[in-house]
Amino acid sequence: MNTDQVILNQFIKNHPQQAASALSECSEEEMITFLEASSPDVTISIISSMSSYKAAKYLEKIDMQLVLVIVDKMDLRAKRTVLRQCNEEFRDRLLDKMPPKQSSILRRKLAFTTETIGFLMNPLFLGFKNDLTVAEAIVIAKNGKERVSTNILVVDDKGKPEGVIKLRDLFFAARSTRVSALMKTEFPKFYADESVESIKNHSGWYEYQSIPVVDRYETLIGILDFKTIGESQLSKEEKNKNMGETGSALGELYRIGLTGLLQSVSK
């Protein structure tokens, strides 16, 4: 890697938002060449710093194998935001090439608009059948620990939520006890098509850090964590902060002459 490329990569690492802005001076062809020629980490950094619409338009034009690498490294929120802006035909092709489990989650997410609970919910959750013993439930919880939250749901044979068990109650209960004996049958739940704004101050947050999400048939389809709502709001504020910092960082960019460097590397 030559000195120019080292300087460029370091700038992108430290100022991805501003580097993306500087790259906007390149032609579309130069930009595509640059993205495909860069390391995946650099390309991901640039793509992630663009507006979702612009990122989507470039993803549609670069090599599909690179797109798969980029999308795989995005967090779930970024994936659904960018894919929503993609051409429907391209999006379907991309989802078809992704691992089935990941593709299924994204397809479900994309069915909801950005202001709804269904858009923010986590479709991966742990649910117990009501006839399990505590011993059996603990084994399941340990095997699926990435899906365990502070409150675990109990569902019936049709996938409808019947109750909620606090994780601490589960681990301190006698191992032969049925989970149905521990669950609380009165608990809050949200409909996936409700707006996020309408439940920000819901009284259920005082007792539960995560609340089940159901469709209009009352079938459990996900959970919504209180922290997810906070992170969603924070991401908007952070974006505004980054936009405010663009001027000073771009001043640094022009002082060290990287605008020309960004264009020359893409050639």
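The values are calculated or read from the model by the stated rules, or taken from the named source; none is laboratory data. Keep in mind it's a predicted model, so treat the numbers as computed, not measured. Because the Cβ atoms are built from the backbone with ideal geometry, glycine has one as well, and the counts that use them run over all protein chains shown.
The table for this structure:
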read-out	value
Residue in region 64-76 that is part of a helix (DSSP H, G or I) and over 26 Å from E30 (Cβ atoms) present	yes
Selected residue [under 30 Å from R178 (Cα atoms), surrounded by fewer than 18 Cβ atoms within 10 Å (Cβ to Cβ) and in contact (Cβ under 8 Å) with a residue 12 or more places away in the chain] from T114, T33, T133	T133
Residue list for region 117-130, restricted to those being surrounded by fewer than 16 Cβ atoms within 10 Å (Cβ to Cβ) and either basic (K, R) or assigned to a helix (DSSP H, G or I) (or both)	K129
Lone qualifier among F190, F226 - being among the aromatic types (F, W, Y), under 15 Å from N122 (Cβ atoms) and at pLDDT 95 or above	F190
G163 vs. criteria surrounded by 13 or more Cβ atoms within 10 Å (Cβ to Cβ) and within 29 Å of K79 (Cβ to Cβ)	no
Number of the condition not met by S203 [criteria: (1) within 16 Å of F119 (Cα to Cα); (2) among the hydroxyl-bearing types (S, T, Y); (3) modelled with pLDDT of 90 or more]	(1)
Of residues in region 77-102 being hydrophobic (A, V, I, L, M, F, W, C) and in a helix (DSSP H, G or I), the one farthest from L35 (Cα to Cα)	L95
Tabulated pairs, region 183-208, first at positive phi and surrounded by 11 or more Cβ atoms within 10 Å (Cβ to Cβ), second in a loop (DSSP other than H, G, I, E, B) and β-branched (V, I, T), C-beta under 7 angstrom, 6+ apart or interchain	none
